[in-house]
Ligand code: DGL
């Protein structure tokens, strides 16, 4: 892929593929490179320092791959590493490059979905404890009440390919009920983890029909389209040959097998050591 400057998409594992899928649907002409740090997933229960260190390594690797723009398609990395990377690291790594996350674009629109102004958020421990959504949503929709609940087992369930297993229902029901016990007024639940769309059918079983579930893929894709339109100096750097490349820090066999479910198409990945 010489002369290719792809848009980089990063996640701790498979989850970011649910976002990449929507991005490619909306913006098919660009080149993309996906990096899943499957060897070290999940990030959700890790310390701030570890998530920052692992994410920075991944960002550096994507910059070496000539990415002018990188999307952290991982809420945990967006919550714990993005700001430091943008402010502290990027100026010396490549001041003309950009790293964006998924929390801000989601926060910008979440208020358009709720009628009761009561929103539930399901995410990893890292995302919930960071309070990033509370801080971001407050800026755009100060009247909205947010109820957060961490689901520490959901990413391991998905990464281990157990999302459709009957045993998974126990954890889905428990976590969804714990979130909804906070308030009877919640009418919108945000799946604030890019792995959770794989659990959507099970989640729907345990929430009243009047509550809408919001996944981030389409929101992030629309936001990226808008960003590229508003930033022609970045857009011009992104090559357009419709090429897709997938890299994983773990087994390519496992990645290729499971990725089809997240991405919707067969994937041929390459192993990388960061
Ligand atoms: N997909 C990541 C997110 O959106 C999962 C984080 C993890 O590895 O626990 O938060």
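Every read-out reported here was derived from the displayed coordinates using simple, explicitly stated rules and does not represent laboratory data. In this text, all values refer to a predicted model and were calculated from it rather than measured experimentally. Quick reminder, even Gly has a Cβ in these numbers, built from the backbone with ideal geometry, and neighbours come from all protein chains shown.
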Exercise. Could you give the length gained on full extension between residue 205 and residue 39, defined as 0.36 nm per residue of separation minus the Cα-Cα distance, in nm?
Worked result: 56.6 nm
Problem set entry | Among 255, 246, 140, residue whose mean-square fluctuation peaks in a GNM of the chain (springs only between Cα atoms under 10 Å) | 140
Exercise. Given a cut-off of under 8 Å on Cα pairs at least six residues apart, what relative contact order in percent is computed for the chain?
Worked result: 28
Exercise. Using Cα-only point scatterers and the Debye equation, what is log10 of I(q)/I(0) for region 59-185 at each q in 0.12, 0.14, 0.20 Å⁻¹, rounded to two decimals?
Worked result: -0.58, -0.75, -1.14
Exercise. Using alpha carbon coordinates only, what is the Rg to Rh ratio of region 8-62, with Rh defined as the Kirkwood radius?
Worked result: 1.02
For this session: Mind jotting down the distance between the C-alpha centroids of region 1-65 and region 74-149, whole Å?
Result: 17
For this session: Kindly work out what percent of the DSSP beta bridges joining two residues of the chain are antiparallel, to the nearest 5.
Result: 0
For this session: Counting other beta carbons within 10 Å of each Cβ, put 254, 37 in order, fewest first.
Result: 254, 37
Exercise. With each pseudo-label sitting 7 Å past Cα toward Cβ, what's the residue 4-residue 53 distance in nm, one decimal?
Worked result: 3.2
For this session: If a/c stays under 1.5 just call it rounded; otherwise compare a/b with b/c (prolate if a/b is bigger, oblate if not). Do that for region 197-274, with a ≥ b ≥ c from the square roots of the Cα gyration tensor eigenvalues.
Result: oblate
Seminar exercise, completed: Sorted on mean Cβ neighbours within 10 Å (highest first), peptides 21-32, 206-217 come out as 21-32, 206-217
For this session: Assuming R0 = 35 Å, can you tell me the calculated FRET efficiency for the pair residue 134 and residue 265, based on Cβ-Cβ distance, to the nearest 0.05?
Result: 0.45
For this session: Name the shape class, rounded, prolate or oblate, that the alpha-carbon gyration tensor gives for region 119-274, where a ≥ b ≥ c are the square roots of its eigenvalues, rounded holds for a/c under 1.5, and otherwise prolate holds if a/b is larger than b/c and oblate otherwise.
Result: oblate
Exercise. If you take the Cα Rg of the chain and divide it by 2.2 N^0.38 Å, with N the number of residues, what do you get?
Worked result: 0.96
